[in-house]
Amino acid sequence: MRVCIVGCGHVGLVTGACLAERGHAVLGVDADASRVALLRRGKVPFHEPGLDRLVARHRRSGRLRFSGSIAEGVRFGEVVFICVPTPPRPDGSADLSFVEHVSRSIARALPGYRLVCEKSTVPVNTCDQVRATIAKYARKGADFDVASTPEFLREGRAVEDAMKPDRVVVGVETPRAEKILRELFRPFGAPIVATDIRSAELIKHASNSFLALKISYANALAAVCERVGADVMNVTRGMGLDARIGPQFLSAGIGYGGSCFPKDVRAFEAISRQLGYDFALLREVERLNREARERFVQRVEQQLWIVKDKTVGALGLSFKPDTDDVRESVALAVVRDLAGRGARVRAFDPQAMEAARRELRGVRGVRFCRRAADVFARADCVLILTEWPAFAKLDYARLKSRMAHPTILDGRNLLDPEALRRLGYTYRGVGRG
Ligand code: UDX
């Protein structure tokens, strides 16, 4: 089938490349001319494992092309996906002005029947607005359907998630739209959950908030484990083997970040409130998330007594491993907090240095190191803030001698406590007795 993707950011580009890989012809549209130029040269403007290979392959196969024109995209694609950003506004609600703008442009370009699918992360009811906007700006009697096709991609594993999804959710309101989307997604071999549009929109809110809730549950559990001398990793392993619970998203640490969970939990709480339901549980999820970070910073304080003028090594700045994304990164928040208390922070991240530098511009007391090993130099303690696999493979025996005091506070439970203690480190994880 012929597909147009409007918005070549993380969601749009991954979706487009994976649809091309499954045999469809895709035209990616982006308003940013320099991004389009870059993509036309086969370059991917952000870090996402495996994506550059897919983009290069289908640039060659001719199944993935790029343009700056929505009109061209709408002429080309029988199905048009809206994948533009929906950044949070100060009150936590999503800013939908890009979605509105794109809907208008699509309306003006409609050449005949088109299926317009909303894929950006949006509040429930947004498809109604998209439908109304297209109807308002299109010529009279224009033939189109709208649908909701929420994405569940994790950054860093987006290609894998998109190629082998657990399920594909399609929210539709006509048999024609359902037929088209079933055909489009059939090659992915996943169960297709076809629902009404509002249910599909809610599946996205409900899934992300539930995963955030699982993480906050694990973090609260960690606090209890610390008090009682138990190990949260043993507890969650024991829980996770119950098939009804499952082992994923039960890793305790310094809390969740990223462009989705914090925003989605807040948005779902706000939407529920607007609808007249007080979803207090979601506020608690958020509070526990903040608490996880604060407990960790308190632990650093306990360890150093006075933070001011101490040298603190920080390993990891991205919001999670395998990405250069620092949006709502808890790691970055910890670094900012400690620098604000007068610590001299030596920071390193395998991918996110540039983004972190931009984000921390103007924050005094942070020095960016060239290699992971450099953060250990004369450090009073080293913090693990993002669980990059490379940090587990460092030569801790050798690095110990570079530190002023060999102390590691592991905010992600990445390292083996016993192994480090044997090497002579003072080691503390999260929720580990
Ligand atoms: C998330 C969802 O997983 C995805 O389905 C959705 O559509 C987009 O949002 P993403 O934000 O890329 O994906 O990252 P994810 O892997 O879900 O991690 C989110 C945050 O939770 C990270 O900060 C991570 O470190 C943290 N996390 C995750 C934990 O603290 N503990 C866990 O057990 C799992």
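Yes or no, residue by residue, for (1) within 16 Å of the ligand (Cβ to nearest atom); (2) free of Cβ contacts under 8 Å to residues at least 40 places away in the same chain; (3) touching a helix residue (DSSP H, G or I) at 6+ places or on another chain (Cβ under 8 Å); (4) of a type in the set (Phe, Trp, Tyr):
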{"position": "273", "(1), (2), (3), (4)": "no, yes, no, no"}
{"position": "305", "(1), (2), (3), (4)": "no, yes, no, yes"}
{"position": "313", "(1), (2), (3), (4)": "no, no, yes, no"}
{"position": "327", "(1), (2), (3), (4)": "yes, no, no, no"}
{"position": "334", "(1), (2), (3), (4)": "yes, no, yes, no"}
{"position": "337", "(1), (2), (3), (4)": "no, no, yes, no"}
{"position": "344", "(1), (2), (3), (4)": "no, yes, no, no"}
TODO: Within region 7-43, work out how many residues are crowded, with 17+ Cβ neighbours inside 10 Å, over 17 Å from residue 162 (Cα atoms) and of a type in the set (A, V, I, L, M).
DONE: 5
Task: Members of region 94-132 found to be among the hydroxyl-bearing types (Ser, Thr, Tyr) and under 29 Å from the mean Cα position of the chain (by Cα), listed by number - done: 97, 103, 105, 120, 121, 126
Task: Given (1) assigned to a helix (DSSP H, G or I); (2) within 30 Å of residue 95 (Cα to Cα); (3) away from the ligand (no atom under 14 Å from the Cβ); (4) open to solvent by 70 Å² or more (accessible area, probe 1.4 Å), index of the condition residue 298 fails - done: (2)
Open item on the list: Just the residues that are of a type in the set (Ser, Thr, Tyr) and at pLDDT below 95, please, taken from region 64-115.
Closed with: 86, 93
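What do you reckon, is residue 241 open to solvent by 30 Å² or more (accessible area, probe 1.4 Å), out of contact with any Pro (no Cβ under 6 Å at 6 or more places or on another chain) and either more than 25 Å from residue 290 (Cβ to Cβ) or in contact (Cβ under 8 Å) with a residue 40 or more places away in the chain (or both)?
yes
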Task: Cβ-Cβ under 8 Å pairs, at least 6 apart or on other chains, region 206-225 side among the basic types (Lys, Arg), far side within 11 Å of the ligand (Cβ to nearest atom) and at pLDDT 95 or above - done: 214/248; 214/249; 214/250
Open item on the list: Checking the structure you have, find out if any residue of region 180-197 is near the ligand (Cβ under 9 Å from one of its atoms) and either open to solvent by 40 Å² or more (accessible area, probe 1.4 Å) or in a helix (DSSP H, G or I) (or both).
Closed with: no
Open item on the list: For a quick check of your reading: which strands (runs of 3 or more DSSP E) sit entirely within region 71-179 and have at least 1 residues that are touching a residue at least 60 places away in the same chain (Cβ under 8 Å) and surrounded by fewer than 19 Cβ atoms within 10 Å (Cβ to Cβ)?
Closed with: none
Task: Enumeration of residues in region 47-70 that are surrounded by 14 or more Cβ atoms within 10 Å (Cβ to Cβ), in a loop (DSSP other than H, G, I, E, B) and not polar (S, T, N, Q) - done: 47, 48, 49, 50, 63, 68
Open item on the list: If I filter region 211-262 down to residues being among the charged types (D, E, K, R) and either touching a strand residue (DSSP E or B) at 6+ places or on another chain (Cβ under 7 Å) or not in a loop (DSSP other than H, G, I, E, B) (or both), which single residue comes out as farthest from the ligand (Cβ to nearest atom)?
Closed with: 227
TODO: Kindly check whether there is at least one residue in region 150-170 that is more than 30 Å from residue 319 (Cβ to Cβ) and not hydroxyl-bearing (Ser, Thr, Tyr).
DONE: no
Task: Answer residue from region 411-425, given it is out of contact with any helix residue (DSSP H, G or I) (no Cβ under 8 Å at 6 or more places or on another chain) and outside any helix (DSSP H, G or I) and is surrounded by the fewest Cβ atoms within 10 Å (Cβ to Cβ) among those - done: 416
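Would you say residue 66 is in contact (Cβ under 8 Å) with a residue 40 or more places away in the chain and closer than 11 Å to residue 4 by Cα? Let's see the steps before the verdict.
Details: in contact (Cβ under 8 Å) with a residue 40 or more places away in the chain: yes; closer than 11 Å to residue 4 by Cα: yes.
For residue 66, the condition - in contact (Cβ under 8 Å) with a residue 40 or more places away in the chain and closer than 11 Å to residue 4 by Cα - is met.
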- [ ] State which residue is farthest from residue 17 (Cα to Cα) when the search covers only region 150-170 and only residues that are more than 12 Å from the ligand (Cβ to nearest atom) and β-branched (Val, Ile, Thr).
- [x] 170
Task: Filtered residue count, region 377-408, keeping only those that are within 25 Å of residue 308 (Cβ to Cβ), more than 16 Å from the ligand (Cβ to nearest atom) and either in contact with a strand residue (DSSP E or B) (Cβ under 6 Å, 6 or more places away or on another chain) or hydrophobic (A, V, I, L, M, F, W, C) (or both) - done: 11
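The values are calculated or read from the model by the stated rules, or taken from the named source; none is laboratory data. Given the structure is predicted, the values throughout are model-derived calculations rather than measurements. Every residue, glycine as well, gets a Cβ built from its backbone with ideal geometry; the counts of neighbours run over all protein chains shown. Surface accessibility is based on the protein's heavy atoms, side chains included, excluding ligands, DNA and RNA. Shrake-Rupley method; radii C 1.70, N 1.55, O 1.52, S 1.80 Å.
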